[in-house]
Amino acid sequence: MKSSNVRRSGSFSKALRGTSASALALALFVGTLPAVGAQTRARATAAQKMSEDQRVAHVLNRLAFGARPGDAERVRRMGADKWIEQQLHPETIDDSATEARLAPLEALKLSNGELLAKYPQPNFLIRAMQREGKLPTDLAQAAAARKVGDAAAKPNDTTKQPDATMSAPNAAGAMPNQPSAIPSALTPAQIDPNRAEYRQAVADYYREHGLQLPQRVTGELQASRIIRAVYSERQLQEVMVDFWTNHFNVYAPKGADRWFLVSYDRDVIRPHAFGKFEDLLVATAESPAMLFYLDNFQSVSPNAQPNRRFAGQFNRNPLLNNAAARRDRMPQQPGAPPAPPQQRQRRGINENYARELMELHTLGVDGGYTQKDVQEVARCFTGWTIMDPRGAANYAGFVEEGKSGTFYFNPRLHDDGEKIVLGHKIPAGGGMKDGLMVLDILAHHPSTAKFVATKLARKFVMDSPTPELVSRIAAAYTKSDGDIRETLRAVFTSPEFNSPENYRAKIKTPFELAVSAVRALGGDTNGAPAIHQWIAQMGEPLYQYQAPTGYPDTAEHWVNTGALLSRINFALALVSNRIPGTRVDLSRFTADAKQGTAADKSRVVDEFASVILQGDISPKTKATLLKQLDEAAANPAAAPQPTMPAPPANAAALNASADAMNAPLGQRRAGQRGQLAVNNNAPVTEVARIAALILGSPEFQRQ
């Protein structure tokens, strides 16, 4: 981490001193961060190279999500270079045990069309029920009247969830496979009879047809990311999935992307994480998730006209016109209030994807393109769209089963004229080849080599890569025709990557911190919403970054007052087993410890330092930690206790946490929405406090 960031972190600890007694204790401990950083660099300068133990710890921290108990010894026996080479070929590593842990997550196995059908949008479901006569007319009228009334009262309220998405735990604290008839937050006296009957009809329909709530899709995907990062033997692959997911960011709460991200992770990011960059670029360009997120599925030539004989179908058939999928024309119910006028879909070229493709995915903001290039690239991608993007045709019979939510090129919507992109002529009449030519041009552009090299160097080496390092990595990218594996070899064999100056010099992101903490203690997790809520509290909810840039990868974004305290709170919650679905067993490390004297306490500290930090703890950190423990023993009331994360402000966008998850992932107290099924009043033991403070140490916060 750069010295300016180190100095800044010292001021953070001072800012914390005006909070509570426990926050003060934590702040004093975290305040050792800059001093330890200076010591590390001083030792590095004197040694000029990493020791063997340091290099093992270094590759496990950078190319993996930290070491599990025993990992350092295994890598040392194999040799760090051989381990790196093995990780560069994940297909050679047996990971069947991790796949077995993922088996209960049903959403991961389904296509976009199957997800749209099994986890339907509530508004389409209600219309299907009306057509089938499963929703009595009087209930439909009451629901329509209430919806219009709510919209009039709160025209700007976009956080209210549709009735059909609400659910409550059953008596065992597990989530049912269908919405409850009455949300637990309301009593029958607060619900009019029509509303209760309406909700019961919806619940019955879910149950009869084996349907599930759409929030589960994102929840299971988040759980899979956590499970894989903790358990997978293919650690570098998981690190690269995290990297490319941020590089090609997609925001889950945006419309249909909730359904499309499963395929995006499974079929786009993972298979191409080590291949040719151009192949990855094409896969993301054709992905319904990216097409929907950056609006390219709606981008059409202003001159595009449907065939006249299809004009009637064009207005209602999602196969022919994606814009029509936003509503399914239903006859007006007698006595129902008039429907609000529909705003005419604006047809024309959308430049969002073209701009982000060049600025964020390939060339970089200073990559040499112009606004004219953006316009020309946007023309090349007209007609790249999605068949039935919102799943409406599942209930209207327009699209073959399973085809909803799939990519297709619509030539009638494409601008087939000549284009000029970055000085390259794109001939007229190319159709879909126009976009493929653009991706080929961009993948082989020198600015793309530099941009990708810079981001990889920032990820694996240092926050501010030197021009010399970037140049060498970019040369490897160009020489290998954009081969990601060969480009990574240039990173891992560089003197800068193996320099002691960069040892424990990058701050872990919240996701990296949470996963590495579970791994360090040999813990178990099912990726339940509770641990994801902690990751969100620390600032990195998965698939929830709205801007197309993705989460930053530098210390200045993650080192701040609130974040440091949240990280210590997470560590305390983890070691105290206060995170449902995640467990650690500290007794395996301290079975013989008595902790009766200062010497015993010091031995416990050394034991955990060996397990969590491979013994790499500075004398100053250890002294500060022992001081904190002595103060906690003298004044137990002021000792740090974990503070559970408050519900996030955008709780609806965070897919309602555990409320939409299935039984293995949504363990809650029966009848209490949002309450974690753990004893949060139990005191933190001294052993747990030692482990938590080491997890919160500067050495562990860095990688």
| query | Only one of (1) modelled with pLDDT of 50 or more; (2) part of a loop (DSSP other than H, G, I, E, B) fails for Q342. Which number is that? | reply | (1)
| query | Looking at I226, is it touching a Gly at 6+ places or on another chain (Cβ under 6 Å), surrounded by 21 or more Cβ atoms within 10 Å (Cβ to Cβ) and in a helix (DSSP H, G or I)? | reply | yes
| Subset of the range 276-305 [among the small types (G, A, S) and either surrounded by 24 or more Cβ atoms within 10 Å (Cβ to Cβ) or under 17 Å from Y264 (Cβ atoms) (or both)] | A283, A285, S287, A289, S299
| remark: Heads up, the helices (runs of 4 or more DSSP H) in the range 236-310 (entirely inside) with at least 1 residues that are in the same structural domain as F451 (by TED's automatic domain parsing) are none
| said: Would you confirm, using the coordinates I've provided, whether T525 is crowded, with 24+ Cβ neighbours inside 10 Å, of a type in the set (S, T, N, Q) and over 25 Å from Y477 (Cα atoms)? | reply: yes
| field | V452, sole failed condition from (1) β-branched (V, I, T); (2) part of a helix (DSSP H, G or I); (3) more than 30 Å from I507 (Cβ to Cβ) | value | (3)
| A283 fails exactly one of the following numbered conditions: (1) in contact with a Pro (Cβ under 8 Å, 6 or more places away or on another chain); (2) farther than 28 Å from Y408 by Cβ. What is the number of that condition? | (2)
| request: Among residues belonging to the range 462-486 that are in contact (Cβ under 8 Å) with a residue 40 or more places away in the chain, in contact with a helix residue (DSSP H, G or I) (Cβ under 9 Å, 6 or more places away or on another chain) and assigned to a helix (DSSP H, G or I), point out the one that is surrounded by the fewest Cβ atoms within 10 Å (Cβ to Cβ). | output: I484
| field | Close pairs from the range 49-74: first more than 18 Å from F497 (Cβ to Cβ), partner assigned to a loop (DSSP other than H, G, I, E, B) and modelled with pLDDT of 95 or more, Cβ under 7 Å, at least 6 apart | value | R68/G522; P69/G522
| message | Can you pull out every residue in the range 278-309 that is in contact with a strand residue (DSSP E or B) (Cβ under 9 Å, 6 or more places away or on another chain) and closer than 28 Å to L102 by Cα? | response | A285, E286, S287, P288, L291, F292
| If you go through the range 424-434 one residue at a time, do you hit one that is under 30 Å from T466 (Cβ atoms) and in the same structural domain as E351 (by TED's automatic domain parsing)? | no
| task | Name every residue in the range 54-70 that is touching a Lys or Arg at 6+ places or on another chain (Cβ under 8 Å) and over 14 Å from Q703 (Cα atoms), in order of residue number. | result | R68
| task | Residue by residue through the range 498-513, note down the ones that are of a type in the set (F, W, Y) and part of a helix (DSSP H, G or I). | result | F511
| Looking at the range 52-95, which of its residues are closer than 20 Å to I617 by Cβ and exposed (fewer than 14 other Cβ atoms within 10 Å of the Cβ)? | E52, D53, G70, E73
| remark: P104: passes all of (1) out of contact with any Pro (no Cβ under 8 Å at 6 or more places or on another chain); (2) surrounded by fewer than 17 Cβ atoms within 10 Å (Cβ to Cβ) but (1)
| query | Quick check, is K459 touching a residue at least 40 places away in the same chain (Cβ under 8 Å), assigned by TED's automatic domain parsing to the domain that holds Y264 and touching an Asp or Glu at 6+ places or on another chain (Cβ under 9 Å)? | reply | no
| query | Is there a residue in the range 420-443 that is in contact with a strand residue (DSSP E or B) (Cβ under 9 Å, 6 or more places away or on another chain), of a type in the set (D, E) and not in a strand (DSSP E or B)? | reply | yes
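The values are calculated or read from the model by the stated rules, or taken from the named source; none is laboratory data. These numbers were taken from a predicted model, which means no experiment stands behind them. Neighbour counts are summed over all protein chains in view; Cβ atoms, including those assigned to glycine, are modelled from backbone coordinates with ideal geometry.
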